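Please read the structure below before turning to the comments.
The values are calculated or read from the model by the stated rules, or taken from the named source; none is laboratory data. Everything numeric here is computed off the predicted structure, so don't read it as measured data. Please note: Cβ atoms are built from the backbone with ideal geometry, for glycine as well, and neighbour counts cover all protein chains shown. SASA here: full protein model, heavy atoms, side chains in, ligands and nucleic acids out. Shrake-Rupley method; radii C 1.70, N 1.55, O 1.52, S 1.80 Å.
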Amino acid sequence: MGKSPVHATMPQSAAFVLTTPLYYVNGLPHMGSAYTTMAADARARFERLCGRPVVLITGTDEHGQKIQRTAQSRGLSPQAHCDAIVQSFTELWAKLDIRYDRFIRTTAPTHHSIVHAFFQRVWDKGDIYQGRQQGWYCVACEEFKEERELLPGQVCPIHTNQAVEWRDETNYFFRLSRYQTALEDLYAAQPSFIQPDTRRNEVLQFVRQGLQDFSISRLIDWGIPVPADPQQTLYVWFDALVGYLSALVPPDQPATLETVVAQGWPASLHLIGKDILRFHAVYWPAMLISAGLPLPQQVYGHGFLTKDGQKMGKTLGNTLDPLALVQQYGADAVRYYFLKEIEFGRDGDFNEERFVQVVNADLANDVGNLLNRTLNMTVRYCQGQVPAVNPHSLADDHPLARVGRTLGEQVAEDYTQLAFSRAAGRILTLAQAANKYIDEQAPWSRYKQGDHPAVAQILYSVLESVRLCAYLLSPLIPTTSTAMYRQLGFPVSLGEPPLPAYDRHSQWGVLPAGQVLGQAQPVFQRLTAPALPSS
Ligand code: MSP
């Protein structure tokens, strides 16, 4: 299996701890939230296949003025509002086949205790002081804006339908400026700390301009009170980032930072969108150093989704409802499209016609049909059993064995680098080659000619190719892959333990001679494209 820097530096027994952002509950989950979560789930599934313990953390960010105002506008208490919205997240994750290990809500009592413990450490370090905060605040961003960033009329450049608000308060500040050198040293010593490189450069440039202390408290009600001054509540970001720590505390353990470390902190990977990179790559490591806690290994900032070429958002009214999409087309189709069609790290577009086209071409035709036609031929020509062929006897230049022998290693490298699109592309190349191979070799003619050994060899190599494709695609399309594996005679799930191990099943030549194959049934129904309501 390919060894990446991440794998090389960590003992195999250490858990792979990865996080999605903790999503704001000011509205129902949107496609952006689903995108990060599907990517995290695919990576987690790959790690589990490799036999590594995984802790996939997700959850919700429930405090702050934005949530408070949304609740008010719905005539609900903030807590009642949050409780209702959280359900729509967990429901969506279930429908999308997201296998998370921890779900942290920032309104949980455990989180409250961890935030206080964290604050205390930073306070004891002398990194918190009182000061006057004056400036323009965007509630939608939950962030102060520099005057020069604003559009005419004091409007936030991201939330163009919303004016920023003037604030003049006495707040508590975090001494970020003290960590300028420590952060620069970190980025230099660990070049993969921020990925991809374009994002890394953005952060380096930002830090080079000089870091300023930032206020970590607000005069609002909905939040965690500042321990030293309960009149104030903690700034939502100072609270939410700490959620990654709280998530690690099991229900039966004391909510302390010691527990957090004993349970696997630091995270191996924070997966986020590019808009919240600064919080994760600058503020968060500085906060952790201040609190004397180890740093995550990597922060990966992915790109943004657009719809039909336009920025997706409530302002334009062209958001894409992930729940409607998954109900319409199924989880595997949605997962596959976003992870295959969009190069992770770059911006990417959703277009419904293209969606249907890609998914049908790849999953229904190239992969699904391949399995179906091969199983049918195996029933006809080989009694429905895997033909007795030694996979290692196939020539070095056999068009399928040649690809299949190195594919698992390359795909491992891709998944490790979060290059989902490249992984899927490579796997599809084998499926396409297998379809072509059958057409060229025409086993039906060979059979008529009585050349049974040739038929056995052709069918073996194609069956083995489909198996390999199914296995390697399973982090992306777990349900379809499992259905394929079952039809190939493996009574297993590719999502539930005991998982067939990557170091064996990613290799060429795993199908055992004589294995009885299942009934050929379409594993993936072709999609048709009715108009989707946009929310
Ligand atoms: N609550 C904070 C995160 C705190 S983490 C300790 C937050 N929440 S969010 O719900 O607004 O955003 C969550 C994620 O969705 C971010 O990673 C963001 O980049 C992503 N997306 C929001 N809109 C998006 C697109 N249109 N496209 C892709 N992802 C986008 O920020």
Look through the stretch 12-37, keep the residues that are hydrophobic (A, V, I, L, M, F, W, C) and surrounded by fewer than 24 Cβ atoms within 10 Å (Cβ to Cβ), and return whichever of them is nearest to the ligand (Cβ to nearest atom).
M31
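Residue check: is W166 over 13 Å from A281 (Cα atoms), without any contact (Cβ under 8 Å) to a residue 40 or more places away in the chain, of a type outside the set (S, T, N, Q) and open to solvent by less than 70 Å² (accessible area, probe 1.4 Å)?
Details: over 13 Å from A281 (Cα atoms): yes; without any contact (Cβ under 8 Å) to a residue 40 or more places away in the chain: yes; of a type outside the set (S, T, N, Q): yes; open to solvent by less than 70 Å² (accessible area, probe 1.4 Å): no.
No; evaluated as a whole, the condition is false for this residue.
Is it the case that T110 is among the polar types (S, T, N, Q) and either open to solvent by 60 Å² or more (accessible area, probe 1.4 Å) or farther than 15 Å from G223 by Cβ (or both)? Steps first, please.
Details: among the polar types (S, T, N, Q): yes; either open to solvent by 60 Å² or more (accessible area, probe 1.4 Å) or farther than 15 Å from G223 by Cβ (or both): yes.
In short, yes.
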Take the stretch 126-166 and flag every residue that is closer than 21 Å to K66 by Cβ and in a helix (DSSP H, G or I).
E149
Residue under question is T374, and the condition is that it be touching a His at 6+ places or on another chain (Cβ under 7 Å) and either among the β-branched types (V, I, T) or modelled with pLDDT of 95 or more (or both); does it hold?
no
Taking only the stretch 279-307 into account, find how many residues are farther than 15 Å from T19 by Cβ, open to solvent by 10 Å² or more (accessible area, probe 1.4 Å), more than 7 Å from the ligand (Cβ to nearest atom) and in contact with a strand residue (DSSP E or B) (Cβ under 9 Å, 6 or more places away or on another chain).
3
